[in-house]
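The values are calculated or read from the model by the stated rules, or taken from the named source; none is laboratory data. Not measured: the values here are computed from a predicted model. A quick note on method: Cβ atoms are made from the backbone with ideal geometry, for glycine too, and the neighbour counts reach across all protein chains shown. Areas reflect the complete protein model, heavy atoms only, side chains present, ligands, DNA and RNA absent. Shrake-Rupley method; radii C 1.70, N 1.55, O 1.52, S 1.80 Å.
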Amino acid sequence: KNEVEQSPQNLTAQEGEFITINCSYSVGISALHWLQQHPGGGIVSLFMLSSGKKKHGRLIATINIQEKHSSLHITASHPRDSAVYICAVRRGTSGSRLTFGEGTQLTVNP
Amino acid sequence: GAVVSQHPSRVICKSGTSVKIECRSLDFQATTMFWYRQFPKQSLMLMATSNEGSKATYEQGVEKDKFLINHASLTLSTLTVTSAHPEDSSFYICSASGTGVGQPQHFGDGTRLSIL
């Protein structure tokens, strides 16, 4: 069993829909990252969370440390949101390695 | 915000060539940088952890003599794929975080390596 599991693996939505991607982990963590990888390959760090909730534009990330669960929400989705979204956890200090989920391929159709 | 620059973005070369990939932190000092390999439709696979001024720590199954890592300064790490062969063709990406508490990791744009 992977230490970090994401669901769903693939998600297709219509433009404007509200989207949720889930991440569950089985280890103690110091922080959780949500990453976005576009088809070209580059990775953007969307959020780093250790508790609570963060919002940036149409993106919202929440984490429940007790339940070892995090969600990434996208409101009013747009075709440009189409990408792979990756959950990654860090177990130690800032210089520690990340453990990655398998990623969620999101496709938003116009 | 913090930026990690990775060069080159794409390399196409003949079998037997050695290829060097650079990863630079542009506006912060990175004591530790990470090198990943990614196959199509798969997640990132950590190859090695690069520590400034010391030897890299390689993951199990990664050949140290094949993938040479140098981290000579707090802003630059290099990965050299020596005597590359077609099976080394892949997407390579680096990441780095600053020193201090609560620093996020920042990723380069990756290098797509194709060995003919």
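Before moving on, here are some points about what is shown:
- The number of residues in region B:90-104 being of a type outside the set (S, T, Y) and under 14 Å from the mean Cα position of the chain (by Cα) comes to 4.
- Of the residues A:Q36, A:Q6, the single one that is under 22 Å from B:Q38 (Cα atoms), within 12 Å of chain B (Cβ to nearest Cβ) and touching a helix residue (DSSP H, G or I) at 6+ places or on another chain (Cβ under 9 Å) is A:Q36.
- Matching residues, region A:29-61, being farther than 21 Å from B:Q42 by Cα and open to solvent by 50 Å² or more (accessible area, probe 1.4 Å): A:S50, A:S51, A:K53, A:K54, A:K55, A:H56, A:G57, A:R58
- Top-ranked residue of region B:100-116 - restricted to ones that are more than 7 Å from chain A (Cβ to nearest Cβ) and either in a strand (DSSP E or B) or open to solvent by 50 Å² or more (accessible area, probe 1.4 Å) (or both), ranked as nearest to B:A30 (Cα to Cα): B:T111
- Looking across region A:48-76 at every residue that is within 14 Å of chain B (Cβ to nearest Cβ) and of a type in the set (S, T, Y), the one that is farthest from A:F100 (Cα to Cα) is identified as A:S51.
- Pairs with Cβ under 7 Å, 6+ apart, first in region A:69-84 and part of a loop (DSSP other than H, G, I, E, B), second surrounded by fewer than 14 Cβ atoms within 10 Å (Cβ to Cβ): A:T75/A:F18; A:A76/A:G16; A:S77/A:E15; A:S77/A:G16; A:H78/A:E15; A:S82/A:T107
- Within region A:7-20, the set of residues being assigned to a strand (DSSP E or B) and either under 16 Å from A:L59 (Cβ atoms) or of a type in the set (F, W, Y) (or both) comprises A:L11, A:A13, A:I19, A:T20.
- Residue within region B:89-99 that is more than 18 Å from B:K20 (Cα to Cα), without any contact (Cβ under 8 Å) to a residue 60 or more places away in the chain and at the interface with chain A (Cβ under 8 Å from one of its Cβ atoms) present: no
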